[in-house]
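**Q** Dropping the structure in here first, questions after.
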Amino acid sequence: MPKISSRHAALVAGYSILIMAILAGFAYGFVLNGLIVPDNITLTANNIKSSMMLFRLSIFSFLVILISDVLAAWALHIFLKPVNEHLSLLCAWFRLIYSAVLGIALLNFVFVALLLNGENYGSIFEKNQLNALVMFFLTGFFNIWSIGLVIFGCHLYLLGHLVFKSDHIPKILGILLIIASFCYIISNIANLLLPNYEKYKSTIEMYISLPMIIGELGFGLWILFKGGKEFDNEKTE
C-alpha cells in the first residue's frame, strides 16, 4: 500500500473538519434548535412529526459527521505523527472513542423517528405517553452526546498540544485548540452534573462557542490550505 503523504493527510483532515462544521451547523444549529422546544414535550413531538423528513436529514447529517470524524482521526494521526507518534496515536483514539459514543447517542434519534412515524405506536401508547417517550430519547441523545463531547475535549487538548509543539503550524492555533478543549470539557461536565444547568446553558454557550468555533475551524482551514506543503517543498529543494 502506498504511503500517504503529509499533504494528502492534511487534505483529508481539512475537508473532513469542514464537512463536519457545515453539517453540525445544519443538524444541530438549524434542525434540532428549530424543532425542539425546551419544557414543551407536546410541541416538540408535533414539530418533529410534522417535519419528519427534516429530522431524518439531521440523523443522516450526524451519520456523515461520524464518518468524517473517523477520517479526521486517521488523517490527523498521519499528519501529526512526526511531532510525537505516541501522543498522535492517543489523540486519534480519543476521537475514535468519541465517534463511537456519538453513534450510540444517535440511536436515540432513530427511536424517536420510529415512534413518530405513522400510527404504528399510536394504538399502543396514549399521546402523553408517546410524547414522554420522545422526550426521553431526545434527552438520552443529548446526555450521551455530552459524555462523548467530554472525550472529544480530551482529544482537542492533545491536538492543541501537538499543534503547539509542531515547528510547521502556527502556535496560536494550538493555544486556541487548548482553550476550545477546556470549553468542551467544562460545559459538558456541567451539563451532566448540574441539575439546573439548562437554565444557563444558552447564555454560557453564547460565550464559549466563539473560541470553540475559531479553534476548530481555524485549524481546519489552515490544515486544508497549508498543511503538509512545507514537507513537499523540502522534498523539491
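The values are calculated or read from the model by the stated rules, or taken from the named source; none is laboratory data. Everything quoted here is computed from the prediction, not taken from an experiment. Counting neighbours? That spans all protein chains shown, and the Cβs are built from the backbone with ideal geometry, glycine included. Note: areas computed on protein heavy atoms with side chains; ligands, DNA, RNA excluded. Shrake-Rupley method; radii C 1.70, N 1.55, O 1.52, S 1.80 Å.
**Q** At 7 Å along Cα-to-Cβ for each site, give me the label-to-label distance between Ile97 and Glu198 in nm.
**A** If labels sit at Ile97 and Glu198, their model points lie 2.9 nm apart.
**Q** Moving on to the next point. In sequence order, what are the phi-derived ³J(HN,Hα) couplings for segment 132-143 according to the Karplus relation 6.51 cos²θ - 1.76 cosθ + 1.60 with θ = phi - 60°, rounded to whole Hz, with x for glycine and proline?
**A** My calculation for segment 132-143 gives 5, 5, 4, 5, 4, 6, 5, 5, x, 4, 5, 5 Hz in order.
**Q** Please turn the phi angles of segment 40-51 into ³J(HN,Hα) values with the Karplus equation 6.51 cos²θ - 1.76 cosθ + 1.60 (θ = phi - 60°), one per residue in order, whole Hz, x for glycine and proline.
**A** These are the phi-based 3J(HN,Hα) values: 9, 5, 5, 5, 4, 4, 5, 4, 5, 5, 7, 10 Hz.
**Q** Can I ask one more? Quick one: if you stick a label point 7 Å off each Cα along the C-beta vector at Ile213 and Leu87, how many nm between them?
**A** My value for the distance between the label points is 2.9 nm.
**Q** Could you tell me the calculated FRET efficiency between Thr139 and Lys229, based on Cβ-Cβ distance and R0 = 45 angstrom, to the nearest 0.05?
**A** For R0 = 45 Å, the calculated efficiency reads 0.50.
**Q** Could I ask something else about it? Averaged per residue, what accessible area in Å² does segment 186-233 show with a 1.4 Å probe, protein chains only?
**A** 63
**Q** To continue, here is another question. If the label point is 7 Å along Cα→Cβ of Lys127, which residues in segment 49-65 have backbone nitrogen under 19 Å from it?
**A** Residues passing the 19 Å test: 49-52.
**Q** Taking 8 Å as the Cα distance limit and 6 or more residues as the minimum spacing, I'd like the relative contact order of the chain as a percentage.
**A** 25
**Q** A follow-up question, please. Quick one: of Lys171/Lys226; Lys49/Lys127; Lys3/Lys81; Lys165/Lys229; Lys81/Lys165; Lys49/Lys199, which pairs are farther than 21 Å apart, Cα to Cα?
**A** Long pairs (Cα-Cα over 21 Å): Lys49/Lys199.
**Q** Carbon and sulfur atoms: what percent of the 1.4 Å accessible area of the chain do they account for?
**A** 69
**Q** What is the gain in length, in nm to one decimal, between Ile36 and Arg56 on full extension, counting 0.36 nm per residue of separation less the C-alpha to C-alpha distance?
**A** Difference between extended and current length: 5.8 nm.
**Q** May I pose another question? Give me D for segment 1-115 in µm² s⁻¹, whole number, from Stokes-Einstein with Rh from the Kirkwood sum over alpha-carbon pairs, 25 °C and 0.890 mPa s.
**A** 156
**Q** Measure nothing fancy, just the Cα-based angle from helix 6-24's long axis to the longest principal axis of the chain, in degrees from 0 to 90, nearest 10.
**A** 20
**Q** Sticking with this one: Return one whole number: the accessible area per residue of segment 32-125 in Å², for a 1.4 Å probe.
**A** 50
**Q** Next question. Hey, if you put +1 on the Cβ of every Lys and Arg and -1 on every Asp and Glu Cβ in the chain, which of Ser187, Ser99, Leu71 ends up farthest toward the positive end of that dipole?
**A** Farthest towards the positive end: Leu71.
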